[in-house]
1. Given a Förster radius of 22 Å and the C-beta distance between residue 367 and residue 299 as r, what FRET efficiency does 1/(1 + (r/R0)^6) yield to the nearest 0.05?
2. What nm distance separates the two modelled labels at residue 136 and residue 419, each placed 7 Å from Cα along Cα→Cβ?
3. For the pair residue 128 and residue 462, how long in nm is the line joining their label points, each one 7 Å along Cα→Cβ?
4. Shape call for the range 91-159 from the C-alpha gyration tensor, a ≥ b ≥ c root eigenvalues: rounded (a/c under 1.5), prolate (a/b greater than b/c) or oblate?
5. Using only Cα atoms, what is the ratio of the radius of gyration of the range 335-432 to 2.2 N^0.38 Å?
6. Could you work out how much longer the chain between residue 454 and residue 311 gets when fully extended? Use 0.36 nm per residue separation minus the Cα distance between them, nm to one decimal.
7. Take 153, 294, 75 and order them by how many other Cβ atoms sit within 10 Å, fewest up front.
8. Taking the Cβ-Cβ separation of residue 274 and residue 443 as r and a Förster radius of 51 Å, what is the calculated FRET efficiency to the nearest 0.05?
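Read-outs throughout are calculated quantities, based only on the coordinates presented, and are distinct from any laboratory measurement. Every value quoted in this text rests on a predicted model; they were computed, and no experiment measured them. Heads up, the Cβs are rebuilt from the backbone with ideal geometry, glycines too, and the neighbour counts pull from every protein chain shown.
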C-alpha cells in the first residue's frame with residue numbers, strides 16, 4: 001500500500017460530481033481498522049485523488065496520468081454519463097495500460113453494466129472490452145450507497161466485507177449507547193411539552209406554528225429521530241407546517257425513526273410542494289428522476305424543477321438548465337441552458353457559477369469567452385468554494401481567460417489547501433518544490449506576523465528587504 005502516493009484515484013463524469021465529492025469525503029474520513037495483534041496501523045486514513053477540474057489540455061492530462069500511475073486502485077463512478085465521457089474512458093485505458101485492470105473498482109450509481117440498451121449502459125467502452133472479466137465492484141442500486149461504499153473499502157484494504165459491515169454496526173451501537181440515555185431524558189421532559197403544543201395548536205394556529213418551527217429546527221439538527229419525534233412531525237405536517245412535511249418526508253426516504261417508504265416520502269414532498277415549498281418541488285422532481293415511490297418520468301422531473309425555478313429556487317434553475325442541456329424531459333435548447341445557469345449564478349448559487357463558467361468555456365448557448373469563464377470561476381472561488389479556488393488556480397497557472405500569473409495560482413492553491421482541500425495541498429507542495437509562484441516565503445510570513453500584531457517580526461522584514469537591496473557579488 002505504501003508504494004503508491006494514493007490508495008485510490010476517483011474517475012467520474014462531471015455530471016456525477018456530487019457522487020465524486022461524496023465518495024472522496026467518505027473514503028478520506030474512513031478510519032482504517034487495526035488488525036488483531038497490531039499496535040497501530042501504518043496510517044489511519046486512506047489517501048484519495050479526485051480530478052476536480054473541468055479544464056482540459058495536454059499539460060493537465062499528463063498530470064492526471066501521473067496521478068493514475070501513483071494510485072493503487074482506480075475507482076470509476078459508473079453511470080450513463082461516465083459511459084459517454086471521453087475523459088473517463090481515457091483514464092481507464094491508461095490505467096489498464098499499466099497492467100492494473102484487476103485494480104479497477106466500478107462504483108455504479110445509475111444505469112446497467114454491459115446493458116443491451118445503449119441509453120442505460122453505465123460502463124465506458126474501456127471497461128466493456130473484456131466483458132468476460134467480472135470486475136469486483138459495487139452497485140448502490142442493489143445494496144445501497146453505504147454498503148456499496150464499504151464494499152469499495154473492502155477491496156482497497158483487502159478485508160472481508162462482512163467484517164466492515166459488522167464494524168459499522170458496532171460503531172452505530174456505541175453512538176446509540178452513548179447518547180441513548182440523554183435522549184431518553186430529554187424526550188421525557190420535552191415530549192410532554194411538545195404534545196401540549198399540539199393541543200394548543202388546535203386553539204391558536206399562529207402560536208402553534210411558532211412552536212412547531214422551534215421543535216422542527218431542533219429535530220433537523222439531531223443525528224437520530226425517534227418514535228416520539230416522528231409522531232410530533234406527523235401531527236405538525238398534518239396541521240399544515242411545511243417544514244414538518246419536508247423533514248417527515250426525509251424520515252421516510254432515509255429510514256429515520258421509521259421504515260423506509262418511498263411512497264410516503266413522495267406524498268409529503270408533494271404536499272410541501274403544493275403548499276408552495278420550492279424545496280419540496282425539487283424533491284418531487286428528484287423522486288421522479290430516481291424512481292422513488294413513483295415511476296421514473298423525465299417530463300415530470302423537468303416540470304417540477306421548472307416550477308421551483310420560476311419561483312426563484314436556484315437549485316431548480318440549475319436542474320432546469322441541466323434538463324435543457326441533456327434533452328431530459330424537454331427538447332434540448334442550449335440557449336435556455338445558458339439562460340438558466342446564468343440566473344442561478346446571478347442568484348449566487350455555487351453550482352450556477354460553476355456551470356456558467358463552463359458554458360463560457362465550451363460555448364454552450366453563448367459565444368465561448370475565456371475571460372467570462374475566468375470571471376465566474378473567480379466569483380465562485382471568492383465565496384470560499386474549494387473547487388472554485390482550485391479551478392481558479394489552474395486558470396492562473398495555464399493562463400486560461402487571464403494572463404499566466406504563477407503567484408496568483410500559488411496563492412489560490414494555498415487558500416484551497418488551508419481550507420482542507422487535499423489536492424490543493426499537493427499543488428502547494430508542487431509549487432514550493434518547483435518554485436512556481438513562490439518568491440520569498442519567509443518574507444511573506446514575517447509580514448503576516450506583523451499584520452497580526454507581532455511587532456518584533458518587523459526586524460525580520462527589514463533584514464530580508466535590506467539583503468535583497470544589496471548588489472550581488
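1. So, using R0 = 22 Å, E works out to roughly 0.10.
2. Taking the two extended label points, one gets 3.7 nm.
3. Placing both labels 7 Å along Cα→Cβ, they lie 7.2 nm apart.
4. The shape class here is oblate.
5. Ratio of Rg to 2.2 N^0.38 Å for the range 335-432: 1.07.
6. Extending this stretch completely gives an extra 46.3 nm.
7. Ascending Cβ contact count within 10 Å gives the list 294, 153, 75.
8. Once the sixth-power term is evaluated, E becomes 0.25.
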